[in-house]
Each structure stands twice: as C-alpha cells, then as structure tokens.
C-alpha cells in the first residue's frame, strides 16, 4: 500500500527544493551525525564541513524553511531531521553500538533502508501503552510483537507547522485494530489510513531509502 494521494513526504520536499551541492552536503551531514546518536550543532557542522558558522546558519535556515529539518530558537542546534529526532520520542531505534530516536512510526521503519543496517525498534501502542517491538533488515521486517500491530497514518495536515509537529505525533503504532479504533473514537474519528506493519515498512523504505544514497559527505 502506498501513501495517500496528496501527501507530501520529505522525499517530495527534497526533490522540489533543488538544493545546491553545498546545501545538500550539509543536509547529508546532519543526517549522518544524527544517525550516530549525536545532536548536530552549528559548531560541529562548521568543523566537519569546513564551512564558516554564519554560512552554516544560513543553510540550516533554508533547510528548515522547506521543512527538511528543525532548528532550535537560537538557530544553533538541529532538533530533528526526518527521520531522526535529536530528543527522545516514543520511537527508539537501536543499531549496532548506538541508539537513535525517530519522529514517528513510519520514520522509524524507514531507518533500516536509509542506513542499510539491521535495527530493533521499541515503541508502544498509542491507545493502551503496550510495548511494541520490531526487528528489521534494510529489505524487510523480520519480527514484530504483537503480531496484530498496525500503523495509523493521518491524512490531515496543518500547513502552518512543520510535519514533525503537525502529522508526526499522530503517526503511531497500535497493538490491535480494536485499540486503534478506540483511539480514533476518542480523537473524534480523524481522517487517515491504516497500514499493516509490512505495509508501513514499505512506505518508510520508499520515503527514506534514497535520502543518503550514493553520498558520503567529506
């Protein structure tokens, strides 16, 4: 199952942005740093990319304006860059020797394909809080508990806010169809689609699989 028509993903926004080589270098570097479990800052990026801090701030500002990442109020710290959050979220992703946090369920499921690594995802049911555990390789999900786990993907969006603040908080795991429906009733039956866990993994792979493809920032 693909994403609903009209839903714009980070991959869509990236294609439309037509970044210049330096902007794309910074974007990739931010993702690579977050993938190590480290929070990117202007000083770290300036040192690693050998670019003046003021120019780093300018580039981060543009990337934030087109919703490829989020920065803090000082414009010195990257708070998130899809699929990663620099601060803890309900979606914990364990890789070899490190741990990262994803902005939402589909983002977590896109990390294996993006990094070409096996992962273990720990999250919880958005209704009852029951533990949801997933093991995945870059090409497929290998195990998930509960076996009835579903993913909710809302189709409404607040155009005034970044997707990380408007849609991502509602893209979550649910331990069963009954608990997803109970949650939807509490929330007033919001519009959206339901993915099986394998379908959500394929959506994540489609969105994030190529975001770092063919590049090693120097």
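A few notes on this one:
- Among (1) out of contact with any helix residue (DSSP H, G or I) (no Cβ under 9 Å at 6 or more places or on another chain); (2) more than 25 Å from residue 88 (Cα to Cα) - the single one residue 23 does not satisfy: (1)
- Residue 84 being within 19 Å of residue 40 (Cα to Cα), at pLDDT 95 or above and either crowded, with 24+ Cβ neighbours inside 10 Å or outside the structural domain of residue 134 (by TED's automatic domain parsing) (or both): yes
- Condition check for residue 38: surrounded by fewer than 16 Cβ atoms within 10 Å (Cβ to Cβ), in contact with a helix residue (DSSP H, G or I) (Cβ under 9 Å, 6 or more places away or on another chain), under 28 Å from residue 93 (Cα atoms) and outside the structural domain of residue 112 (by TED's automatic domain parsing): yes
- Scoring residue 137 on the criteria (1) within 24 Å of residue 69 (Cβ to Cβ); (2) touching a helix residue (DSSP H, G or I) at 6+ places or on another chain (Cβ under 8 Å); (3) surrounded by fewer than 16 Cβ atoms within 10 Å (Cβ to Cβ) leaves a single failure, condition (1).
- Whichever residue in segment 169-183 is closer than 18 Å to residue 197 by Cβ and part of a helix (DSSP H, G or I) and, among such residues, is modelled with the lowest pLDDT: 170
- Residue that is surrounded by the fewest Cβ atoms within 10 Å (Cβ to Cβ) [pool: residues in segment 93-127 that are in a strand (DSSP E or B) and out of contact with any helix residue (DSSP H, G or I) (no Cβ under 8 Å at 6 or more places or on another chain)]: 98
The values are calculated or read from the model by the stated rules, or taken from the named source; none is laboratory data. Just so you know, these numbers come straight off a predicted model, no measurement behind them. Every residue, glycine among them, receives a Cβ derived from its backbone with ideal geometry; neighbour counts consider all protein chains shown.
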